[in-house]
Amino acid sequence: MLTCRDIAKYFLAQEDEDAGDLISNLKLQKLVYYAQGFHLALYDEPLFSERIEAWTHGPVIPELYRDYKEFGANGIPYPDDIDFSTYDEKTRSLLDEVYCVFGQFSAWKLRNMTHEEAPWKDVSEPGGEITQSAMKEYFKTQLNHSVTV
């Protein structure tokens, strides 16, 4: 199984620094969250095992947040250590689709989108877990509207 860090590196490798398309920690969190949600909905299994929590600015994977918090709201550089052979074709296809659909939005637009969605809204306390079952249930309702792999 891949880790949240593997998924993050894949998205970071999609950015075009020359075009000014750097990904902030906030945006990265949301992209990884959407990848997990659609993977659960499509394949009934998680893409990675790390916990996702409901924070003030939306869904967050705490370990991933800590990895990139030094960048603040700035763009995170292209990963030097990415190995594309780690990702099978099914995973690459899903991640490419998630990036195509959601990568076009700003970090704050993605934050606001997640605030309107049940998995984040339904967590009763700040920092509570957004469960995989809640994500799967919600993202199954979104399959026809967003990502089709």
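Taking 1 over the mean of 1/r across every pair of different Cα atoms in the chain, what Kirkwood radius in Å do you get?
Kirkwood radius, the chain: 15.2 Å.
How high is the FRET efficiency between Gln14 and Asp122 when r is their beta carbon distance and R₀ equals 25 Å, given to the nearest 0.05?
The pair Gln14/Asp122 has a calculated efficiency of 0.25.
Using Cα pairs under 8 angstrom and six or more residues apart, how large is the relative contact order of the chain, in percent?
35 percent.
Between Trp55 and residues 5 or more places away or on another chain, which pairs have amide H atoms under 5 Å apart, with H built 1.01 Å from N, and which residues are they?
HN-HN under 5 Å from Trp55: Val60, Gly127.
What is the count of Lys pairs in the chain whose alpha carbons sit under 27 Å apart, if the two are 8 or more places apart or on different chains?
28
If I model a spin label at Gln142 and Asp44 as a point 7 Å from the Cα along the Cα→Cβ vector, what separation in nanometres do I get?
If labels sit at Gln142 and Asp44, their model points lie 2.1 nm apart.
Where a number appears in this text, it was derived from the coordinates with a stated rule and is not lab data. Note that this is a predicted model, so its numbers are computed, not measured. Ideal geometry is used to build each Cβ from the backbone, glycine not excepted, and the neighbour counts take in all protein chains shown.
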